[in-house]
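> Pasting a structure here, questions to come.
Only the coordinates and a few stated rules stand behind these numbers; no lab work does. Fair warning: this is a prediction, and the values are worked out from it, not measured in the lab. All Cβ positions, glycine included, derive from the backbone under ideal geometry; neighbour counts span all protein chains shown.
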Amino acid sequence: MKVLYITPSFPFEKDGDNIYTDLAEEIAKKYNIKIVVATEKRKIEKTQITIEREIECLRVKTGNLYNVSIIEKAISFITLQSKLKKAIKEFLPNEQFDLILFMAPPITLGSVIKFAMKKYDAMSYLMQKDIFPQNAIDLKIMTKINPAYWYFRFKEKRMYKTATVIGCMSQGNIDYLLKHNKYLTKDKLEIFPNTMKCTQEKIIDNSNIKEKYKIPKNTVLAIYGGNFGRPQGVSFIEKILDEYKDNEKVTFAFFGEGTEKKKLENHIKENNIENAIIFDFIPRDEYSQILQQADIGFVFLDYRFTIPNIPSRTLSYFENSIPIMAATDKNTDYKDIIEKNEVGLWCESNNIKEFKQQFDRLIENKDLRTKLGNNGRKYLETELIPEKSVEILERAYKRIKEEEQNV
């Protein structure tokens, strides 16, 4: 099986790993794989083929996609298609591939995938990671009378129709897509969870990492690492900090960037919340050291979401045996995954009273934290490793090929 992996997310080796590099490296252990990755113009000078992680990688110079204005972002995603097609024609003209692997968002890759499927006479596998533009509707970033909504909804439908198989992160994702896209059939969709390579047991770090970042050593450390945007419901995070600002048992540490980060920073300063610290992204190895010291890992999603989200940052908590405290919408089956596997606690992200009840249990009960954290590590090791992803891809490829032969 020869795989062409088209993705907007494949960090340079110096920037560390993510779930997409983990998957590519696992595929490369058994099969021939090439990567086509959209890379922002501020990061590379020209489109070129490089060898990264011992994999041939075609980096395509595109417009800037992240941490830019919504207008620049929209233009970059719209022009992404033509840039990727041109690069594939120029740099991979005579290759042969059996499987085109891609992800969404962005939903604007549909025409690129269709082009690659036709060029290489290959099937395609969509890794569905978020449901756009409905997530923008939920957060009132966009309305259904906006022409942009109908443009992106058209692109979304086209992408689903183009994909040979759609891999969803949970059963909730599958149910949602079937309900809102009547043209889809059950046999086209299957569960394809986020996975990551499991590299380390949790260890006691004797370095001065807490001292370096001025994190108190004798309190329960509750950590959040990732994006601060509208999907995270920052207003609810502010309510949490207000509720616990005088609690000397817990320290809140936030790491990341995003459009709502300044809002949270200002709230911490203006309200003199001394047990909350907020940072930019820090070196990956140092963040890993802090994770090893953490006692609780936060997951936040806005209560208005109607789509089932499965946050990928969960995996790093699992890797480090950190119990999860999740505050999300009630529509996601993420809460069911947490409760069924006993890896954390959950509440709806507009109920501060319920949050306090659950969070206090974690703060006060070290044995409970240990139990839930260990369960998370075991769940990762058995169910959420890249080997499982490759097995799913293999089964899908074999099934489609058998169906084609029987036609």
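> Can you give the net charge of the other residues whose Cβ lies under 14 Å from the Cβ of W150, counting K and R as +1 and D and E as -1? Please report the intermediate quantities before stating the final value.
Numbers: positive: K144, R153, K155, K157, R158; negative: E156.
Here the charged neighbours net out to +4.
> Hey, another quick one. From the cross-link list K212/K388; K14/K85; K239/K335, which pairs have alpha carbons spaced over 32 Å apart?
Check vs 32 Å cut-off fails for K212/K388.
> Suppose a student asked you for the relative contact order of the chain, using Cα pairs under 8 Å spaced at least 6 residues apart; what percent would you report?
After rounding, I find 13 percent.
> Would you mind computing the Rg to Rh ratio of the stretch 62-121 from its alpha-carbon coordinates, Kirkwood style for Rh?
Rg divided by Rh gives 1.02.
> Taking amide H positions as placed in the peptide plane 1.01 Å from N, state which residues far from N32 in sequence (5 or more) or on other chains have amide H under 5 Å from it.
Answer set, sorted by chain and number: V3.
> Can I ask one more? Restricting to bridges with both residues inside the chain, how much of the DSSP beta-bridge set is antiparallel, in percent to the nearest 5?
In the chain, approximately 10 percent of DSSP beta bridges are antiparallel ones.
> Provide the gained length on full extension for the span Q405 to Y183, in nm with one decimal, where the gain is 0.36 nm per separating residue minus the Cα-Cα distance.
Result: 77.5 nm gained on full extension.
> List every residue whose amide H lies under 5 Å from the amide H of N331, counting only residues 5 or more places away in sequence or on a different chain, with H placed 1.01 Å from N in the peptide plane.
Sorted by chain and number, the residues that satisfy this come to none at all.
> Using alpha-carbon positions, what is the distance between the centroids of the stretch 39-87 and the stretch 350-403, in Å?
The distance from the Cα centre of the stretch 39-87 to that of the stretch 350-403 comes to 32 Å.
> Next question, about the same structure. At 222 nm, what helix-only mean residue ellipticity would the chain give, in deg cm²/dmol to the nearest 500, using -39500 (n - 2.57) for each DSSP H run of four or more? Provide the component values of the computation, followed by the final result.
Details: 15 runs with 175 residues, N = 407.
Mean residue ellipticity at 222 nm (helix-derived): -13000 deg cm²/dmol.
> For K129, list long-range residues whose amide hydrogen, built 1.01 Å from N in the peptide plane, is under 5 Å from its own amide hydrogen.
A104
> At a Cα cut-off below 18 Å, give the lysines reachable from K83, other chains included and same-chain residues fewer than 8 away excluded.
Output for K83: K34, K41, K43, K46, K61, K73, K114, K118, K119, K155.
> Also, I was wondering about something else. Taking neighbour Cβ counts within 10 Å as the exposure measure, how do S349, S69 sort from fewest upward?
In order of increasing Cβ crowding within 10 Å: S69, S349.
> In which sequence would W150, W346 go, from the one with the fewest C-beta neighbours within 10 Å to the one with the most?
So the residues, fewest neighbours to most, are W150, W346.
> Sticking with this structure for a sec: Starting with the fewest neighbours, write out K214, K261 ranked by other beta-carbon atoms found within 10 Å of each beta-carbon.
Details: K214 10, K261 19.
Ascending Cβ contact count within 10 Å gives the list K214, K261.
> For the stretch 44-156, give me the percentage of DSSP beta bridges that are antiparallel, rounded to the nearest 5 percent. Don't skip to the end; give the middle numbers.
Working: 5 of 11 bridges.
About 45 percent, rounded to the nearest 5.
> So what is the relative contact order for the stretch 209-383, in percent, with contacts set as C-alpha pairs under 8 Å and at least six apart?
Working: 302 pairs, mean separation 37.2, N = 175.
Value for the stretch 209-383: 21 percent.
> Give me the net charge of A396's neighbourhood, meaning all other residues with Cβ under 12 Å from the Cβ of A396; Lys, Arg count +1, Asp, Glu -1.
Working: positive: K188, R395, K398, R399, K401; negative: D98, D187, E190, E391, E394, E402, E403.
With Lys, Arg at +1 and Asp, Glu at -1, the neighbours total -2.
> When the label point is put 7 Å from the Cα of K30 along its Cα-to-beta-carbon vector, which residues of the stretch 369-407 have a backbone N closer than 19 Å?
Answer for the stretch 369-407: 381-403.
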